[in-house]
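Structure first, commentary second.
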Amino acid sequence: MRSLKRIAVVALIMAALIIPVIAISESASGAAELRDESITVSGGFSDRSNGTVTVNVFAITEGDSVTVTVSDLFSKATYATATRTATEAEEEAGYMKFVLSFRIGTPGTYHAAVVITGDDVNEARSQDNTLVIEVGKSIWSSIWTYVAIIVVIIIIGIVVLIRMRAVPKVDNSGAFTAMEEERQVKRKSSPGAKKEEYKGRSKK
């Protein structure tokens with residue numbers, strides 16, 4: 001009898017220890033988390049334009065408030081952050097989509113950390129998600145771009161000037177003289193001119 005009691009006591013103790021473990025594992029598996037390949041980088045990151053980081057947070061429950069933060073892995077400087085509340089449709093789909101757009105002002109290679117926080121978050125799978133962001137140099141950040149534009153404008157101006165000088169000039173002096181002579185002939189042949197001429201003769 002004593003052995004049976006001892007076995008029963010041991011069984012109760014083991015059950016008491018196993019139940020919390022099962023509860024913890026179930027809550028962890030159902031909590032919001034980042035999974036492999038749930039983070040994508042799109043858009044052209046450059047020193048003058050924004051790029052986009054898309055983060056899918058899985059295993060969410062309607063009403064949960066979730067925050068996604070993208071920060072520098074080493075300096076911990078925050079690049080972008082967004083907070084949303086999960087909807088019923090997102091719970092049915094199984095994930096929430098976060099689209100974070102931001103710019104890093106200096107060209108180079110950056111290592112970023114993506115962390116989710118909020119209600120019912122699986123901390124074990126929300127702290128260790130990193131990505132590499134390549135930031136290029138915009139063409140408008142180079143002084144040679146503006147030098148090239150100025151050179152092209154100067155060349156176009158020179159070509160236009162040369163063509164304008166190459167066009168032959170039209171001599172309008174002959175046409176002006178002919179028009180003046182025709183005007184004088186019409187004036188002399190008009191009745192008023194004849195009357196004035198007649199009056200001048202009669203006075204003599």
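The values are calculated or read from the model by the stated rules, or taken from the named source; none is laboratory data. The shown structure was predicted, so the numbers you read here are calculated from the model rather than taken from an experiment. Note: ideal-geometry Cβ built from the backbone for every residue, glycine included; neighbour counts use all protein chains shown.
Structural remarks
- Where strands (runs of 3 or more DSSP E) fall wholly inside the range 29-82, the ranges with 2 or more residues that are in contact with a Phe, Trp or Tyr (Cβ under 8 Å, 6 or more places away or on another chain) are 51-58, 65-72.
- Selection status of residue 104, part of a helix (DSSP H, G or I) and over 16 Å from residue 39 (Cβ atoms): no
- Cβ-Cβ under 7 Å pairs, at least 6 apart or on other chains, the range 62-74 side farther than 16 Å from residue 33 by Cβ, far side in a loop (DSSP other than H, G, I, E, B): 62/86; 62/87; 63/86; 71/77
Residues checked against (1) at pLDDT below 95; (2) buried (at least 16 other Cβ atoms within 10 Å of the Cβ):
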residue: 34; (1), (2): yes, yes
residue: 42; (1), (2): yes, no
residue: 48; (1), (2): yes, no
residue: 60; (1), (2): yes, yes
residue: 80; (1), (2): no, yes
residue: 83; (1), (2): no, no
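- A residue that is surrounded by fewer than 10 Cβ atoms within 10 Å (Cβ to Cβ) and farther than 29 Å from residue 55 by Cβ can be found somewhere in the range 124-145.
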